[in-house]
Amino acid sequence: MSSTITNPLRVGLRQERVITPQCLVIFGASGDLTQRKLVPALFELFKQRRLPSEFALLGCARRPWSDEEFRIRMKEALSKQIGNENKIWEQFSSFLFYEPVDLQQQNDLLKLSERLEKIDRSNATHSNRTFYLSVSPKFYGSACRAIHSAGLLNDPKRSRLVIEKPFGKDYGSAQSLNQVVQNCAQENQIFRIDHYLGKETVQNILVLRFANTIFEPIWNRNYISSVQITAAETVGVEDRAGYYEGSGALRDMVQNHLTQMLAITAMEPPGHFDPEAIRNEKAKVLQAARLADELNPWTCCVRGQYGPGGSKESPLIGYQQEDGVSSSSTTETYVALKLFIDNWRWQGVPFFIRTGKRLAKRLSEIVLTFREAPVHLFDAVGGSPTSNQLILRIQPDEGAEFRYDVKSPGSGMRSRPIEMEFSYDQSFGEPSDEGYVRLLADAMLGDPTLFTRSDEVEAAWRLYTPLLELIEDDPQKLPIYPYESRTWGPAAADSLLAKNNLLWRRP
Ligand code: BG6
């Protein structure tokens, strides 16, 4: 019996929108992201029969690979995912092509245009093109100019540009990059990607909030006393020291992924479910957000860096011992912050956000803590109430839980918190797609809802400007606290919450 019949929640699950014929061009095709995320996501879309039969993926980078070499390398990189699905891979790989391109070479741009026309003829891709910039961020501006100068962005209906994070490295550079990109393409052609927005559970926040009547009336300062947003990783910097040393957790995770989670959690209900209505509300709430104390930013931020740790059997080296990291590096691998949002809904509610590498557990979640019951009716008879909490689990174990007090069985009136659970896996019977699967499909569909608009990116950078300036001008004021690998980060981060008599959640 098929699982659709046994599980009514699965009915209609794969009725997806149809991607039009097109060629996806990935610049930086020899890089890590292409192998780890982009081609795996496309292979997944192919397996789900979501790619049109008039499709092509053209990988571009400076390496002088042939189509065949590109296919072999992608196959090697995806060997685990392919498993015994060799036949499907062979079908998929016939859509893969490669062109050596240096975007700064006029001649290469000509060759690229010719190749694209050839693919239009062989694969019937109708000059519909999505250009994906998976190159080093320092080349985003020049890459856009090059693609534009080759005339490849001229038709706003047929050409799109996807730009990876980080979009800029501070407010000023994000503004300049926006100007460059907007000189090359219209805003509706530009898709700034943040893969957290591709996560099913992040999108579910919109449904939870705006498709149910019970949450919205209490989703505000009258009922919610604090919000915690966590993105904890167990991995270290791995082989990305070159990039990470110049970035750190604030730029790598906070300005984008955590801030997007904050925006979706705190935004006002949009008037319609359309890209501009949603992005207007996200931009608006980010413009109302601020560090808890902008004049003394060091009082609302704690930075840390992982040291050695792990167990005797599997010891872990510290950040400063990682390949490519300076032994005196002051790059933060952990950040905790306190923010406020100055609007009617959230005035006075602290938003605590934290992220770190090599923490005790891999988990991303949003925790809304509700105000205590106004009267403690059961205190005298052994029940001391806890605050209700709604926990939105972004990953792993995607789902949500609601914690509330019940009476413990027995003759007294002792209460204890219990959890009401929802799990994506258990309810829908299959794990959610990776964020890139959803986002690549959306970019090829031309749906910008889950991509960040220019004003959102700028508002997100502006929010952290006082901290970035402090780190630049007076880093001593924002010391780096070492923490042992596989712990919950520096103890100093607890002090951010102490004023509110709160603790970080330690699941
Ligand atoms: C990336 C960061 O954007 O997100 C990485 O550059 C980080 O440093 C990754 O590891 C985390 O993504 P996820 O989906 O594994 O939580």
>> Just want the ordering: ARG416, ARG358, ARG115, ARG160, from fewest to most Cβ atoms lying within 10 Å of their own Cβ.
In response: ARG416, ARG115, ARG160, ARG358
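Arrange the following residues from fewest to most other Cβ atoms within 10 Å of their Cβ: ARG354, ARG209.
On the way: ARG354 27, ARG209 15.
Least to most surrounded, the residues fall as ARG209, ARG354.
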> How large is ³J(HN,Hα), in whole Hz, for each residue of region 221-230 in order, when computed from phi with the Karplus curve 6.51 cos²θ - 1.76 cosθ + 1.60 and θ = phi - 60°, using x for Gly and Pro?
Replying inline: 4, 5, 10, 9, 9, 6, 10, 10, 10, 10
> Once you sort the root eigenvalues of the Cα gyration tensor of region 448-491 as a ≥ b ≥ c, which label holds: rounded (a/c under 1.5), prolate (a/b larger than b/c) or oblate (the other case)?
Replying inline: oblate
> Which residue, chosen from GLN186, ILE353, ALA459, occupies the Cα position most advanced towards the positive end of the dipole of the chain, where the dipole is computed from +1 (Lys, Arg) and -1 (Asp, Glu) charges on Cβ about the Cα centre?
Replying inline: ILE353
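Given 0.36 nm per residue, what is the gain on full extension from ALA498 to ARG416 after removing their alpha carbon distance, in nm? Don't skip to the end; give the middle numbers.
Numbers: separation 82, 0.36 × 82 = 29.52 nm, distance 2.38 nm.
Difference between extended and current length: 27.1 nm.
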> With each label point set 7 Å from Cα along the Cα-Cβ vector, what nm distance links THR299 and GLN48?
Replying inline: 4.8 nm
> In debye, nearest 20: dipole of the chain around its Cα centre with unit charges on the Cβ of K, R (+) and D, E (-)?
Replying inline: 500 debye
> In whole Å, how far is the Cα centre of region 31-76 from that of region 384-444?
Replying inline: 35 Å
> Rounded to the nearest 0.05, what FRET efficiency is calculated for SER66 and TRP344 with R0 set to 56 Å and r the Cβ-Cβ distance?
Replying inline: 0.40
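Rounded, prolate or oblate: which fits region 278-405 when a ≥ b ≥ c are the square roots of the eigenvalues of the alpha-carbon gyration tensor, with rounded for a/c under 1.5 and prolate only if a/b beats b/c?
Note, shape of region 278-405 comes out oblate.
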>> Using amide H atoms built in the peptide plane, which far-off residues or other-chain residues are under 5 Å from SER415 H to H?
In response: GLY383, SER384, SER408
>> Output wanted: per-residue J couplings in Hz (rounded whole) for region 294-300, from phi through Karplus 6.51 cos²θ - 1.76 cosθ + 1.60, θ = phi - 60°, x for Gly and Pro.
In response: 5, 6, 10, x, 5, 7, 10
> Restricting the count to DSSP beta bridges whose residues both fall in the chain, what percent are antiparallel, rounded to a multiple of 5?
Replying inline: 55 percent
>> Amide H of LEU316 versus every other amide H placed in the peptide plane: which residues, excluding those fewer than 5 positions away on the same chain, fall under 5 Å?
In response: GLY309, GLY310, SER311
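Got a sec? How would THR369, THR452, THR333 order by Cβ neighbour count within 10 Å, fewest to most?
Working: THR369 21, THR452 28, THR333 32.
Fewest-to-most Cβ neighbours within 10 Å comes out as THR369, THR452, THR333.
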>> Run the simple label-point estimate for PHE428 and GLU268 please: 7 Å along Cα→C-beta, distance reported in nm.
In response: 3.0 nm
>> Kirkwood Rh and Cα-based Rg: tell me the resulting Rg over Rh for the chain, rounded to two decimals.
In response: 0.98
>> What distance in nm separates the two pseudo spin-label positions at GLN321 and ARG221, each 7 Å out from Cα along the beta-carbon direction?
In response: 4.9 nm
> Which whole-angstrom value gives the distance between the alpha carbon centres of region 147-161 and region 261-330?
Replying inline: 33 Å
>> Sequence gap at least 6, Cα distance under 8 Å: using those rules, report the relative contact order of region 122-245 to the nearest whole percent.
In response: 21 percent
> Farthest toward the dipole's positive end in region 15-134, which of GLY28, PHE131, TRP89, given Cβ charges of +1 (Lys, Arg) and -1 (Asp, Glu) about the Cα centre?
Replying inline: TRP89
> Given only helices, namely DSSP H runs of n ≥ 4 each adding -39500 (n - 2.57), what is the per-residue ellipticity at 222 nm of the chain, to the nearest 500 deg cm²/dmol?
Replying inline: -9000 deg cm²/dmol
>> Rounded, prolate or oblate for region 366-486? Axes are the square roots of the Cα gyration tensor eigenvalues, ordered a ≥ b ≥ c, and the cut-off for rounded is a/c under 1.5.
In response: oblate
> Using a Förster distance of 41 Å, how high is the FRET efficiency between ARG505 and ASN154, based on the Cβ-Cβ distance and rounded to 0.05?
Replying inline: 0.20
> Short version: ³J(HN,Hα) in whole Hz for each residue of region 361-370, in order, from phi by Karplus 6.51 cos²θ - 1.76 cosθ + 1.60 (θ = phi - 60°), x for Gly and Pro, what are they?
Replying inline: 8, 8, 6, 10, 7, 10, 10, 9, 9, 8
> Between ASP194 and residues 5 or more places away or on another chain, which pairs have amide H atoms under 5 Å apart, with H built 1.01 Å from N, and which residues are they?
Replying inline: THR452
> What FRET efficiency, computed as 1/(1 + (r/R0)^6) with R0 = 35 Å and r the Cβ-Cβ distance, is obtained for LEU110 and ASP239, rounded to the nearest 0.05?
Replying inline: 0.50
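Per 0.36 nm of contour for each residue apart, how much would the distance between ARG17 and TYR481 grow if the chain were fully extended, relative to their Cα-Cα spacing?
On the way: separation 464, 0.36 × 464 = 167.04 nm, distance 4.81 nm.
Fully extending the segment from ARG17 to TYR481 adds 162.2 nm.
Read the figures in this text as sums done on the coordinates, not as results from a lab. Given the structure is predicted, the values throughout are model-derived calculations rather than measurements. For neighbour counting, all protein chains shown are included, and Cβ atoms are generated from backbone atoms with ideal geometry for every residue, glycine included.
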